[in-house]
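A short worksheet on the structure shown next.
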Amino acid sequence: MTPTKRNLRIFASVAAFILLTVVAGCLDQPLTPGHRTLEGDVWVLKLGDAGDREWFTVIDSGRFDEAFSIVEVPGGYAIAGSVSDAGEFHPTPRVILLDREGAVTWNTTYPTPDDRRGTGIAPAGAGGFAVAASRGLLILTDADGSERHRTDLAAEGDYWAIAPSGAGGWIAAGDDQVARIDANGSVAWQEPAGGVSPGSIPIIVPDPAGGCLVAGEAAGAPGTVIAAKFDDRGAPVWNTTLRCDPGERYLLSAARQDPAGGYSLLAGFTGAEPAGVLEVSLGEDGSILRQNAINASAPVTWTPDGGYLSAALAENNYGGAQLRVERFDEDGAASWTSTQRLDEYSRV
């Protein structure tokens with residue numbers, strides 16, 4: 001699978017679209033009069049290629065459940081997240097494997113002596129997974145979820161991403177660092193990530209030759225997007241910053257490598273009228289070739305046919321949340337809109 005197709009399959013497959021909806025916190029049973037505990041659930045919604053609901057799975061352990069990343073694998077979908085006791089936020093990394101119909105195949109936690117979230121996941125050999133957790137903890141699992149190795153990069157940052165490397169193993173990024181991990185879990189190299197903020201999950205686009213692009217919010221400049229290219233030894237190649245006008249803010253949603261060798265980015269923008277999504281094309285040298293606005297909402301990604309898929313909460317209150325999913329063609333015209341009524345306070 002090419003890097004472009006691999007990134008697309010996070011949200012889309014040939015026949016259906018997969019959206020990961022994470023409950024930021026729903027108020028559950030009262031603890032004492034006037035006080036309620038914060039409990040989170042994970043919702044996974046699968047839509048067909050015409051926007052119809054195929055299945056909806058709720059993962060509710062009775063504790064605080066979180067999810068940050070989903071990847072399609074043969075036979076199902078794997079989710080990286082965390083779980084913590086309600087009322088006491090001490091997250092433990094967790095992976096959940098769903099089958100093609102949304103049923104839970106297995107649900108495994110990976111205890112750590114300190115608080116860490118599982119925020120990134122990628123396929124590993126023989127049906128296993130590579131999981132990235134807070135502060136650079138990398139966990140390799142077997143196909144049944146059992147742990148077989150862990151590597152600690154001794155870093156900081158709550159949010160780490162991971163992706164297969166074109167040179168074998170994986171690329172991990174977080175805390176303004178990027179590293180390549182060999183298939184046996186050893187660290188091949190670890191370098192600064194070019195100014196990517198540790199406050200959000202970066203996006204990794206592997207290069208078939210072994211290098212990668214790491215993109216995310218710029219450190220110290222909220223609302224600004226930065227993209228940094230590295231070669232197969234971790235040496236920086238170029239660094240490009242997308243600056244917004246005063247009062248505006250960009251939120252990076254997706255990145256991919258183009259057939260011609262450059263890269264494309266999708267970033268939602270706010271503070272401008274009307275708000276929407278900015279699509280940016282970068283050349284092989286990191287130069288900005290084109291920018292165009294799309295009348296969509298973030299988060300957003302591309303579809304295999306050249307269009308776009310976006311999701312947003314049209315309503316967000318304690319009375320319920322309404323998820324609005326839209327499919328656009330390559331010219332930005334709406335193909336269909338699907339509205340799904342959800343039952344709790346949530347975020348996408």
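What strands (runs of 3 or more DSSP E) lie completely within the stretch 175-215 and have 2 or more residues being surrounded by fewer than 18 Cβ atoms within 10 Å (Cβ to Cβ)?
Numbers: elements: 177-181, 187-192, 203-206.
Where strands (runs of 3 or more DSSP E) fall fully within the stretch 175-215 and carry at least 2 residues being surrounded by fewer than 18 Cβ atoms within 10 Å (Cβ to Cβ), they are 187-192.
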Original post:
In the stretch 79-94, which residue that is surrounded by fewer than 22 Cβ atoms within 10 Å (Cβ to Cβ) and part of a strand (DSSP E or B) is modelled with the lowest pLDDT?
Top reply: 84
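In the list 278, 265, which residue meets the criterion of being under 21 Å from residue 165 (Cβ atoms), surrounded by 17 or more Cβ atoms within 10 Å (Cβ to Cβ) and of a type outside the set (Ser, Thr, Tyr)? Break it down stepwise before answering.
On the way: 278 fails: under 21 Å from residue 165 (Cβ atoms).
From the options 278, 265, the qualifying one is 265.
What residue, of 306, 320, 271, is modelled with pLDDT of 80 or more and of a type outside the set (Asp, Glu)?
Going through 306, 320, 271 in turn, just one is modelled with pLDDT of 80 or more and of a type outside the set (Asp, Glu): 306.
Restrict the check to the stretch 67-75 and report whether at least one residue is touching an Asp or Glu at 6+ places or on another chain (Cβ under 7 Å) and at pLDDT 90 or above. Before you say what the answer is, go through the steps one by one.
Pass one, the stretch 67-75, residues touching an Asp or Glu at 6+ places or on another chain (Cβ under 7 Å): 75.
Applying the additional criterion that residues be at pLDDT 90 or above yields 75.
Checking the stretch 67-75: at least one residue is touching an Asp or Glu at 6+ places or on another chain (Cβ under 7 Å) and at pLDDT 90 or above.
Just to verify a result, which residue in the stretch 95-138, among those that are of a type in the set (S, T, N, Q) and surrounded by fewer than 22 Cβ atoms within 10 Å (Cβ to Cβ), is nearest to residue 85 (Cα to Cα)? I'd like the intermediate steps shown before the answer.
Within the stretch 95-138, the first condition is being of a type in the set (S, T, N, Q), and the residues that meet it are 105, 107-109, 112, 119, 134.
This time we only want the ones that are surrounded by fewer than 22 Cβ atoms within 10 Å (Cβ to Cβ), so: 105, 107-109, 112.
On the way: 105: 22, 107: 16, 108: 15, 109: 13, 112: 14 Å.
Going through the qualifying residues, I end up with 109.
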Subject >> Residues that are closer than 11 Å to residue 230 by Cβ and at pLDDT below 90, drawn from the stretch 179-208 >> reply: 194
Original post:
Within the stretch 49-72, can one find any residue that is within 30 Å of residue 188 (Cβ to Cβ) and among the small types (Gly, Ala, Ser)?
Top reply: yes
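Scan the stretch 216-261 residue by residue and report those that are aromatic (Phe, Trp, Tyr) and surrounded by fewer than 21 Cβ atoms within 10 Å (Cβ to Cβ).
Taking the stretch 216-261 and keeping what is aromatic (Phe, Trp, Tyr), we get 230, 238, 250.
238, the sole residue that qualifies.
The values are calculated or read from the model by the stated rules, or taken from the named source; none is laboratory data. Remember, predicted model here, so these are calculated numbers, not experimental data. Cβ sites come from the backbone with ideal geometry, for glycine too, and all protein chains shown count toward neighbours.
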